[in-house]
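Report on one structure; see the data block that follows.
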Amino acid sequence: MATPAVRLRRATLHPTSRALSPLPLPPPRPLLTPSDLVLTLAPSAALSSRTREALYALFDANMASLSAGSSLAHSRVAKMAEMFDPDARFLILTSCERMPGAMPPTPRRVEFDDVLGFASFRFDTEDTMGAEDVEVVYCYELQLSERARGAGLGTVLMAELEGIGARRGMAKAMLTCLANNNSALAFYAKAGYTPDEIDPTRIAEEGGWEDVDSDGEDRRPDYRILSKLLN
Ligand SMILES: CC(C)(COP(=O)(O)OP(=O)(O)OC[C@H]1O[C@@H](n2cnc3c(N)ncnc32)[C@H](O)[C@@H]1OP(=O)(O)O)[C@@H](O)C(=O)NCCC(=O)NCCS
C-alpha cells in the first residue's frame with residue numbers, strides 16, 4: 001500500500017483529494033426493511049470501546065482459524081491497532097427493534113454490542129504497474145456473523161462501500177483476501193471483483209516473476225489482491 005506520505009503529498013497538490021476525509025458523515029439510516037436493520041457509517045473515533053470489542057470479536061470468530069499460520073495471522077493488540085486506525089471508517093449493520101415508521105436514533109457516539117456484520121475501509125492511494133498511483137477505497141474488513149450470512153447483507157455492505165468510494169471519486173475498490181478463503185473469493189467474484197494488476201498470483205501467472213524458489217519452495221503469497229473499477 002502507498003505510504004501516508006504519498007497521500008499527504010497528493011492532498012496538498014490536489015484540493016479535490018481533501019474529499020478523502022469524508023466529513024460530515026451521513027447519519028445512521030434504516031436499510032432494506034423499514035423496521036429491523038440499521039446501517040451506520042462511522043469513523044473509528046466515534047466507536048465506543050464496547051463497539052470496538054464487538055467488532056473485533058466478530059472478526060476474530062470468523063478469521064482466527066482461517067488465518068492461523070498464514071501471512072495474515074493476527075495478534076489482538078496489532079489487529080486492534082490496525083482495525084481502529086484513525087483513518088478507518090466503518091459500515092455497521094445492526095438489527096433495530098423499534099416501532100414501524102419511527103426514525104432510528106442518531107448517536108453521537110456509536111454504541112453497539114450486537115453486530116450482524118460490518119465492513120471497514122479507508123481512502124488511500126495504491127501502487128499500480130504504471131508510473132501513477134491510483135486513489136482507491138480499500139476494504140480492510142468484511143465480516144458477517146454466521147446467523148446473518150447468505151441473506152445478501154455482504155452484497156449490501158460492499159455496494160454501500162463502493163457507492164461511497166464512487167461518490168468520493170475513487171478509481172476503484174480494493175481488498176486483500178486469503179487465497180484459502182474460497183467462500184469469500186466466490187462472494188467477491190460474484191460481486192464483480194477480479195485480481196488486481198498488482199495481485200502477486202496474477203503477476204506470477206502472467207510470467208512477471210518466478211513463484212518457485214531456486215530450492216523448489218513455492219513462495220507464492222497466500223493472499224489475493226482483488227479490485228473493481230468504480231465510476
Ligand atoms: C464472505 C461473506 C462476507 C459473504 O457475505 P454474505 O452476506 O453471506 O453473502 P451474500 O448473501 O451477499 O452472497 C452474495 C453471493 O456471494 C456468493 N457467496 C456468498 N457466500 C458464499 C459461499 N459461502 N460460498 C460460495 N459462494 C458464496 C453467492 O454467489 C451469493 O449469491 P447467491 O446468494 O445468489 O448465490 C460472509 O460469508 C462472511 O462474513 N464470511 C466470513 C468472513 C470472511 O471470510 N470475510 C471476508 C474476508 S476477506
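Using 7 Å Cα-to-Cβ label points, what is the residue 206/residue 128 separation (nm, one decimal)?
About 1.2 nm separates the two model spin labels.
Return the lysines within reach of residue 190: Cα separation strictly under 16 angstrom, same-chain partners fewer than 8 residues apart disregarded; answer none if there are no such residues.
Straight-distance partners of residue 190: 228.
Kindly state, to the nearest 0.05, the FRET efficiency for residue 95 paired with residue 66, given R0 = 30 Å and r defined as their beta-carbon distance. Each step should come with its number before you reach the end.
Values: r = 25 Å, r/R0 = 0.85.
So, using R0 = 30 Å, E works out to roughly 0.75.
Just to be sure I understand the model, the point goes 7 Å from the Cα along the line to the Cβ. What's the resulting residue 194 to residue 167 distance in nm?
Distance between the two pseudo-spin positions: 2.8 nm.
Sort 133-140, 77-84 by packing, meaning the average of other beta carbons within 10 Å per residue, with the highest value first. Spell out each step's value before the answer.
Details: 133-140: 22.4, 77-84: 14.2.
Those peptides, ordered most packed to least, come out 133-140, 77-84.
What per residue convex hull volume, in Å³, comes out for the stretch 139-208 when only alpha-carbon positions are used? Mind showing how you got there, number by number?
Values: hull volume 6.7 nm³, N = 70.
Normalising the Cα hull of the stretch 139-208 by residue number yields 96 Å³.
Bear in mind that the values in this text are calculations on the coordinates, not laboratory data. The structure displayed is predicted, hence computed values, not measured ones. Ideal geometry is used to build each Cβ from the backbone, glycine not excepted, and the neighbour counts take in all protein chains shown.
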